Amino acid sequence: MRYAPRTAQNYLRHVRQLLAWLEGRGIGLAETRSSDLLAYQGELLRRRRPKGKPYTSGAHRNAVIALKSFFRFLHRRSYLLADPSAALEYPRTERRLPRVILSRDEVVRLLKAAAASRTPTGLRDRAILETFYATGIRVSELSRLTPDDVDTEERLLRVVLGKGRRDRNVPLTRAAARAIEAYYAEGRPQLAGRKGARYLFLANRGGWMDPSTLNRITHHWAKRAGIRKRVTCHTFRHSVATHLLRGRADIRHIQALLGHASLATTQRYTQFEISDLKDAVRRAHPRGR
């Protein structure tokens, strides 16, 4: 199986952490038993982030997935006689509601702030933000877009090998298509310079834009727009799903737009709507206070 580059890096990090833990206890890889891995899993559950907060169940689950994949590989290739990771159980992951959602007014303010700049980077940033809000694509998907993946005339965007190695086509809004056209005509040539550039959205020196850079750009324009929420690229994904749901879009259409493999993942936005309703009742109902 071929993993996405970011997934492969995370898996490698989890395996290296385990190997360091085993080495510290004088346990060789060939002598690793199920009890050793269960002890390591217990330690993972007790670990804390730099600020003291516990890791999420999703982070623990990813670690178990990485370790199981590693030992399954070793067993299948006959490097190990048995698979000691078979005893590991996946932590139950909680379905949490999105923490930060932009209102429609906040989205408009943010996009207007970026639209005020006609520099090459300003044109680029506005096109990026319009694309995020139009499509709800993941930051890793946007960073890998090429000019061939976008058809502004038909207002279509093609996501190649998104999460789960799946391709999908998503529609662009008219505003997003125009912003991309303006950037492609007036901004991208100056960023690319004389050298060839593979990707649609380019860094200041014409290179690839990594997710951390895209998040910094998003945070910058949110701050310029006077939005105090902690806005990331993923905030647009949550926001567009919520806005479409409030506009009575079919949940399966939202699932297709976001590229969710399971409808259950999309349904958490319906829970967010219910929480909105409860807040409204608590604020406005005569007996809600």
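The values are calculated or read from the model by the stated rules, or taken from the named source; none is laboratory data. The shown structure was predicted, so the numbers you read here are calculated from the model rather than taken from an experiment. Glycine also receives a Cβ, built like all others from the backbone with ideal geometry; neighbour counts cover every protein chain displayed.
Take the residues in the stretch 178-205 that are hydrophobic (A, V, I, L, M, F, W, C) and part of a loop (DSSP other than H, G, I, E, B); name whichever of them is surrounded by the fewest Cβ atoms within 10 Å (Cβ to Cβ).
ALA203
Residue check: is VAL150 assigned by TED's automatic domain parsing to the domain that holds HIS253 and more than 18 Å from THR232 (Cβ to Cβ)?
Yes: the conditions hold for VAL150.
What is the residue count in the stretch 206-258 for residues that are outside any helix (DSSP H, G or I), surrounded by 15 or more Cβ atoms within 10 Å (Cβ to Cβ) and out of contact with any helix residue (DSSP H, G or I) (no Cβ under 6 Å at 6 or more places or on another chain)?
Qualifying residue count for the region: 1.
Being at pLDDT 90 or above and basic (Lys, Arg) is the filter; apply it to the stretch 145-177 and report the residue that is surrounded by the fewest Cβ atoms within 10 Å (Cβ to Cβ).
So the residue we want is ARG174.
Sort out which residues of the stretch 1-55 are touching a residue at least 40 places away in the same chain (Cβ under 8 Å) and among the aromatic types (Phe, Trp, Tyr), and write them in order of number.
Selection gives TYR11 alone.
When you check ALA175 against the structure, is it part of a helix (DSSP H, G or I) and in contact (Cβ under 8 Å) with a residue 12 or more places away in the chain, yes or no?
So ALA175 fits the description; yes.
Quick one: in the stretch 1-28, which of the residues that are hydrophobic (A, V, I, L, M, F, W, C) and closer than 15 Å to SER69 by Cβ is nearest to the chain's Cα centre (by Cα)?
Taking the candidates together, the pick is ALA4.
Would you check if LEU12 is farther than 29 Å from VAL160 by Cα and among the aliphatic types (A, V, I, L, M)?
Considered against the rule, which asks whether it is farther than 29 Å from VAL160 by Cα and among the aliphatic types (A, V, I, L, M), LEU12 comes out as no.
The rows are residues; the columns are (1) within 30 Å of SER140 (Cα to Cα); (2) surrounded by 10 or more Cβ atoms within 10 Å (Cβ to Cβ); (3) not assigned by TED's automatic domain parsing to the domain that holds PRO211.
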residue: ARG13; (1), (2), (3): yes, yes, yes
residue: GLY26; (1), (2), (3): no, no, yes
residue: ARG33; (1), (2), (3): no, yes, yes
residue: ARG49; (1), (2), (3): yes, yes, yes
residue: VAL64; (1), (2), (3): yes, yes, yes
residue: PHE70; (1), (2), (3): yes, yes, yes
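Restricted to the stretch 73-89, and to residues that are in contact with a Leu (Cβ under 9 Å, 6 or more places away or on another chain) and more than 16 Å from GLN41 (Cα to Cα), which residue is surrounded by the fewest Cβ atoms within 10 Å (Cβ to Cβ)?
By that ranking, first place goes to TYR79.
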